[in-house]
Amino acid sequence: IVEELAGVPRMELRLKRGEQVTAEHLEWARRRAERVAAGEPVQYVLGWTSFRGHRISTDARALIPRPETEELVSRVREALYGPSRIADVGTGTGCIAIALCLEEEGVSVVATDREPAALCLAAENVAAHGLGDRIELRRGDLLAGIGVGTLDVVVSNPPYVAESELAGLPRNVREFEPVTALVSGPAGLDVIRRLVPEAGRCLKPGGRLFLEIGETQAGDVARILAGASFDCVRVHTDLAGRDRIVEGCSR
């Protein structure tokens, strides 16, 4: 909050010592501090977060982008070769699609979400980055309406929290972030089970599927991909060494 008030990164705040803060600024900071103290995520309080160095607007319409999803983007980038058509399923804020387009030339993305409010937020972010000509936002369930064999990559950070785990999540998550973007059935796998065969239908032969997962789900998700005729199924760990991403290659 103080960074936002001063307009500089935390490491540079010392340079601001001695500057006067107005009563209006103090009131601005106090109101936001009270919201954070009440449990609201600071990303919602400030209205934005940094995702791979890109400014992404955030509010309760969509899940807050997280560092693990930054690693998901890195894995996708490693697999890209030449112009690529990508589907970002359950786009939320649009952070994955935006990062891929900003960091890779020749990439175009169809970003889907079934929640109109989330798509409106994604549209705001896409417009802010001037990517309307490269990112198509589409309302729909998973990959509905996307043609057979038309995609090079499918990437998704789907809901993967089990219903029984919701109560154990931190308060600032369970009470403020959209439950539909978090929870996916008794084992947290309902959306993934539906998405994998749809991805196999829409991907070109040799196309790649990348899924962010819960740290205990790697074995189950890998078996789902193998059972849907995906080859070269691999599990990638995050920076903390936890299983976090499952990748497969379509036949």
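The values are calculated or read from the model by the stated rules, or taken from the named source; none is laboratory data. What you are looking at is a predicted structure, and each value in this text was computed from that prediction instead of being measured. Here the Cβ positions follow ideal geometry from the backbone for every residue, glycine too, while neighbour counts run over all protein chains shown. Note: areas computed on protein heavy atoms with side chains; ligands, DNA, RNA excluded. Shrake-Rupley method; radii C 1.70, N 1.55, O 1.52, S 1.80 Å.
Quick look at the numbers
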{"item": "Some residue of segment 42-55 being touching a Phe, Trp or Tyr at 6+ places or on another chain (Cβ under 9 Å) and farther than 17 Å from Glu177 by Cβ", "result": "yes"}
{"item": "Residues of segment 1-18 classified as of a type in the set (D, E, K, R) and in contact (Cβ under 8 Å) with a residue 12 or more places away in the chain, total", "result": "1"}
{"item": "Which numbered condition Gly39 fails, given (1) assigned to a helix (DSSP H, G or I); (2) in contact with a helix residue (DSSP H, G or I) (Cβ under 6 Å, 6 or more places away or on another chain); (3) loosely packed, with under 14 Cβ neighbours inside 10 Å; (4) not aliphatic (A, V, I, L, M)", "result": "(1)"}
{"item": "Test for Ala111: is it touching a helix residue (DSSP H, G or I) at 6+ places or on another chain (Cβ under 9 Å), of a type in the set (Gly, Ala, Ser) and within 16 Å of Arg139 (Cα to Cα)", "result": "yes"}
{"item": "Strands (runs of 3 or more DSSP E) wholly inside segment 51-145 that include at least 2 residues being at pLDDT 95 or above, among the charged types (D, E, K, R) and on the phi < 0 side of the Ramachandran plot", "result": "84-89, 135-139"}
{"item": "Those residues of segment 161-188 which are small (Gly, Ala, Ser) and either free of Cβ contacts under 8 Å to residues at least 24 places away in the same chain or closer than 23 Å to Leu119 by Cβ (or both), in sequence order", "result": "Ser164, Ala167, Gly168, Ala181, Ser184, Gly185"}
{"item": "Test: residue in segment 145-159 that is open to solvent by less than 50 Å² (accessible area, probe 1.4 Å), among the polar types (S, T, N, Q) and closer than 20 Å to Ile64 by Cα", "result": "yes"}
{"item": "Neighbours by Cβ (under 8 Å, 6+ apart or cross-chain): first from segment 144-160, in contact (Cβ under 8 Å) with a residue 24 or more places away in the chain; second of a type in the set (Phe, Trp, Tyr) and not in a loop (DSSP other than H, G, I, E, B)", "result": "Val153/Phe210; Val154/Phe210; Val155/Phe210; Ser156/Phe210"}
{"item": "Residue list for segment 50-71, restricted to those being touching a helix residue (DSSP H, G or I) at 6+ places or on another chain (Cβ under 8 Å) and either polar (S, T, N, Q) or surrounded by fewer than 23 Cβ atoms within 10 Å (Cβ to Cβ) (or both)", "result": "Arg52, His54, Arg55, Ser57, Thr58, Asp59, Ala60, Arg61, Leu63, Thr69, Glu70"}
{"item": "For Val191: the one exception among (1) touching a residue at least 40 places away in the same chain (Cβ under 8 Å); (2) crowded, with 16+ Cβ neighbours inside 10 Å; (3) in contact with a Leu (Cβ under 7 Å, 6 or more places away or on another chain)", "result": "(3)"}
{"item": "Every residue from segment 14-24 that is out of contact with any helix residue (DSSP H, G or I) (no Cβ under 6 Å at 6 or more places or on another chain) and part of a helix (DSSP H, G or I)", "result": "Arg14, Leu15, Ala23, Glu24"}
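Here's the yes/no breakdown for (1) open to solvent by less than 50 Å² (accessible area, probe 1.4 Å); (2) out of contact with any helix residue (DSSP H, G or I) (no Cβ under 9 Å at 6 or more places or on another chain):
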{"site": "Glu177", "(1), (2)": "yes, no"}
{"site": "Leu182", "(1), (2)": "yes, no"}
{"site": "Leu195", "(1), (2)": "yes, yes"}
{"site": "Pro205", "(1), (2)": "no, yes"}
{"site": "Gln217", "(1), (2)": "yes, no"}
{"site": "Val221", "(1), (2)": "yes, no"}
{"site": "Gly227", "(1), (2)": "no, no"}
{"site": "Val235", "(1), (2)": "no, no"}
{"site": "Arg242", "(1), (2)": "no, no"}
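Residue-by-condition table, conditions (1) modelled with pLDDT of 95 or more; (2) not small (Gly, Ala, Ser):
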site	(1), (2)
Val155	yes, yes
Glu163	yes, yes
Leu182	yes, yes
Gly188	yes, no
Arg193	yes, yes
Thr216	yes, yes
Asp231	yes, yes
Ala240	no, no
